[in-house]
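Reviewing the structure listed below.
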Amino acid sequence: MAQFTATDQSQQRPMHQSPLVWGAAAFLLIAALAVAMTVSMTQGALMLVGGALGLVLYHAAFGFTSAWRVFIIDRRGRGLRAQMVLLAVAVVLFFPALSAGTLFDHPVRGFVSPIGISVMVGAFIFGIGMQLGGGCASGTLFTAGGGNARMVVTLLFFIVGSVLATINFDWWLSLPAFEPTSLVEMGAGPGIAISLALFAVIAAVTVWLERRRHGRLEAAAIPAERRGTARWLRGPWPLLFGAVALALLNFATLSLAGRPWGITSAFALWGAKLVQLVGVDPGQWSYWQQPGNAQALNQSLWHDVTSVMNIGIILGAMAAAALAGRFRPTLNIPVRSLLACVIGGILLGYGARIAFGCNIGAYFSGIASGSLHGWVWMVFAFAGNMVGVRLRPFFFQQPARPAVSGC
């Protein structure tokens, strides 16, 4: 995704882009109101939650891709530790509700999926796609909404890969797998304790490795012109603030939708509806014959929770980029970088479908649901990122060390 060095940030003074800010905000509110009136108040509220997610993701630069890349290359673990805070807050909020089965008198369920070959392979190729495509699922959405034309290309091929995975999805399901298992089944208390212990171990390992290489931990650098109250309007926001905010917004999603935040199922749906326009019937594929998927395919996108939230994320990120004065799309994309978008996007889409989710649906929401498949996803996706980092120099001109964290 778009990267800025500290020098770039100090030289590129943000210009307030009021018309775009008001336009994106107005479109989000009007769309949410229309969805509320035509579908349900809950659906409209979920679009606004998506808008808030886009704002937080952009202003906190909360990315998974570069956080993992920075750690792999330079052993800087600030981004990974922020992810552990994100997960810790989420499990503390989620586990009691999932154990009870209700939240505010409404039924709720987590994202708990089988652990098998499809998860391992899908997470691994998704990890490669993260580094080639330049982002994860949430990162692709918020940077595309923030005006990064390169990430729009990644998003398009993310959709292509998602559709391709639905064609032979039944074959992946036929491969050996263990039954879905959740730590919540042990009880909320024990499940939380085990999860927090694992997060603490991962954070401690990042601290040890970072101090071993650098002698001390990295401190967040905030440009002088972005300090004070202006920081909360234009960003950047503290990374830990972003982690807590995303966990709270995921919990809001659980309370409204009855299930956690997800992203990539909508990409498969968008692609399926597009292929319908050219005369192909995706309903013949087993993936779209499953009850929930068949219903989504036959309804408008406004009835799909994930789709309305994704649209909200894009609009929220657009407003955030305008507030920061950074909504300046450019089509000057090197050919090799463009090729990386195509390959990376396809790997992201295909991998997410066969792994039962992405960095949000499988990793964040999966672990927040206590699903063991979320932990397996993390291990194999990280391995894929290590391969992707080694492939990046062929596609990108980049320094030996990443300049900044973020997506």
Contact order normalised by length for segment 90-226, with contacts defined as Cα pairs under 8 Å and 6 or more residues apart; what percent is it? 32 percent
By count of other Cβ within 10 Å, fewest leading, how are His214, His303, His373 ordered? His214, His303, His373
Per 5 Å bin from zero, what fraction in whole % of the C-alpha pairs of segment 279-407 is there, up to the bin with the longest pair? 2, 7, 10, 15, 18, 19, 15, 9, 4, 1
What number, in percent, do you get for the relative contact order of segment 252-407 if the mean sequence gap of Cα pairs under 8 Å and at least 6 apart is divided by its residue count? 25 percent
Which Cα, out of Thr42, Val119, Leu348, lies furthest along the positive dipole direction of the chain (beta carbon charges, K/R +1, D/E -1)? Leu348
Could you tell me which residue out of Ile313, Ile167, Phe94 lies farthest along the dipole of the chain toward its positive end? Charges go on the beta carbon: Lys and Arg +1, Asp and Glu -1, centred on the Cα centre. Ile313
Using Cα pairs closer than 8 Å and at least 6 residues apart in sequence, work out the relative contact order for the chain, in percent. 41 percent
In debye, nearest 20: dipole of segment 18-395 around its Cα centre with unit charges on the Cβ of K, R (+) and D, E (-)? 1500 debye
Top of Ala97, Ala26, Ala52 by mean-square fluctuation, Gaussian network on the chain, Cα under 10 Å: Ala26
Span from the segment 339-359 Cα centroid across to the segment 284-306 one, whole angstrom: 20 Å
Taking max minus min of the Cα coordinates of the chain on each principal axis, largest first, gives extents in Å of 53, 46, 45
Which of Asp74, Asp281, Asp105, Asp304 comes first, and how do the rest follow, when ranked by fewest Cβ neighbours within 10 Å? Asp105, Asp281, Asp74, Asp304
Using a 10 Å cut-off around each Cβ, can you sort Ile346, Ile333 from fewest to most neighbouring Cβ atoms? Ile333, Ile346
So, in Å, what gap is there between the alpha-carbon centers of segment 261-280 and segment 71-140? 23 Å
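Readers should treat all values here as calculations from the given coordinates under stated rules, not as data from a laboratory. If you're wondering where the values come from, they're calculated on a predicted model, not measured in any experiment. Positions of Cβ are generated from backbone atoms using ideal geometry, with glycine treated the same way; all protein chains shown enter the neighbour counts.
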